[in-house]
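The values are calculated or read from the model by the stated rules, or taken from the named source; none is laboratory data. As the structure is a prediction and not an experimental result, all values here were calculated from the model. Cβ sites come from the backbone with ideal geometry, for glycine too, and all protein chains shown count toward neighbours. Heads up: the accessible areas ignore ligands, DNA and RNA and are worked out on the full protein's heavy atoms, side chains in. Shrake-Rupley method; radii C 1.70, N 1.55, O 1.52, S 1.80 Å.
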Amino acid sequence: MAIVKQRDSNLELLRIVAMSMIVIYHVFVHGISPVYVGSHSTVWYVPFIFGVNLFILISGYYGIRLSWKSFLSLMWIIVFYKLFHLIVDTTCLGIHHVWWEWIVKPLSAPVSGGGWFVDIYILLMLVSPMLNKLLNGCSKGDLLKYSGIVLLLDMGYGFILNKHFDPYGYSLIHFVCLYIIGYGLKSYQNVSVKAPWKVYILVVSCLLLVNFLFPDDYWIAKLSNSYASPFIVLGAIFLFLTFVRTNIAHHPFINFVAASMFPVYLIHEGGNVSKWYYATIEEWWTTLSIPTFLLYTAGFIIALFVLTISVDQLRKKCWSLISCKLFNR
């Protein structure tokens, strides 16, 4: 498999955009939807549901290189932020944890990483050597064939028939599907679409329109909020191609920020911090005007990113020391 070695700043910027999409999407789904009164609730988060798919497309494009060091590095990220949540619970939220939780929770990282996305990503990492071997040197015809097979399983059986695989994309087969597509986009990134961002806008516009026209339709809602939806996958692919074709010189700051995007997920979508986070957003939604709510929530999200990037420097420093001891480097 021809693995991309250099982390190009255009795709690292996309990593930041993807995590921003995930955070905003969660604001709507976990913070607003539980207290939202009215129809068209799906409409508001349609433009932001592409973040998870973008992350896996990036992984497929670069290629996951499984080794003891890369696996333990991922485990350390998860362990570090499990400890972070325990410390925040104790010092800030007044939640007491018995002594054994301080041992069991960090050690549970391989099987309970911190949400469905993390758990399935660990599985994808473990099967990546087999995927890489399958894809290594395969022809474009074989690549299309493999993509077609996994799309049949993911969208055909899962999304459409609701059989054998999760219809909303919370499954390994969906991640495998995106990983193969991401790999294939290295070969097809120059496909004859002059402005791929227009396809993304078209997909979002179509989904918004049908949601306004048919707000309570089961299939419209499913097409709009399933990661395995053909529209959501298509939109993610063309937004990905938009950034692939964006000419950004190597930018250390972009790459520096992008390196902490996975921890952003672990902080805002794990432990009691997320309960407090979404409870605060619910309260703001019900008590503040829309402009004030948007201002407060935007500040909240910015603070989340700044906090995570700051805390993550300690995590990186600790891993540097640990990896030197483990791998003699």
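Quick check: is even one residue across the range 268-278 in a helix (DSSP H, G or I), of a type in the set (Ser, Thr, Tyr) and open to solvent by 50 Å² or more (accessible area, probe 1.4 Å)? No, that holds for no residue.
The residues listed here are Gly169, Gly156; of these, the one that is touching a residue at least 60 places away in the same chain (Cβ under 8 Å) and open to solvent by less than 40 Å² (accessible area, probe 1.4 Å) is Gly169. Scanning the range 2-38 for residues that are under 12 Å from the mean Cα position of the chain (by Cα), open to solvent by less than 10 Å² (accessible area, probe 1.4 Å) and either more than 15 Å from Leu266 (Cα to Cα) or at pLDDT below 90 (or both) yields a total of 1.
For the range 95-111, state whether one or more residues are more than 20 Å from Ile237 (Cβ to Cβ), in a loop (DSSP other than H, G, I, E, B), open to solvent by 20 Å² or more (accessible area, probe 1.4 Å) and in contact with a Phe, Trp or Tyr (Cβ under 8 Å, 6 or more places away or on another chain). Among the residues of the range 95-111, not one is more than 20 Å from Ile237 (Cβ to Cβ), in a loop (DSSP other than H, G, I, E, B), open to solvent by 20 Å² or more (accessible area, probe 1.4 Å) and in contact with a Phe, Trp or Tyr (Cβ under 8 Å, 6 or more places away or on another chain), which makes the answer no. Note on the range 210-239: residues that are in a helix (DSSP H, G or I), more than 24 Å from Gly148 (Cα to Cα), touching a residue at least 24 places away in the same chain (Cβ under 8 Å) and open to solvent by 40 Å² or more (accessible area, probe 1.4 Å) total 1. Selection of first residues in the range 306-329 that are part of a helix (DSSP H, G or I) and of second residues that are open to solvent by 80 Å² or more (accessible area, probe 1.4 Å), restricted to Cβ pairs under 7 Å at least 6 apart or on distinct chains, gives the following pairs, ordered by first then second residue: Ser323/Arg329.
Listed residues Ile201, Ile248; which is among the hydrophobic types (A, V, I, L, M, F, W, C), open to solvent by 40 Å² or more (accessible area, probe 1.4 Å) and not in a helix (DSSP H, G or I)? Going through Ile201, Ile248 in turn, just one is among the hydrophobic types (A, V, I, L, M, F, W, C), open to solvent by 40 Å² or more (accessible area, probe 1.4 Å) and not in a helix (DSSP H, G or I): Ile248.
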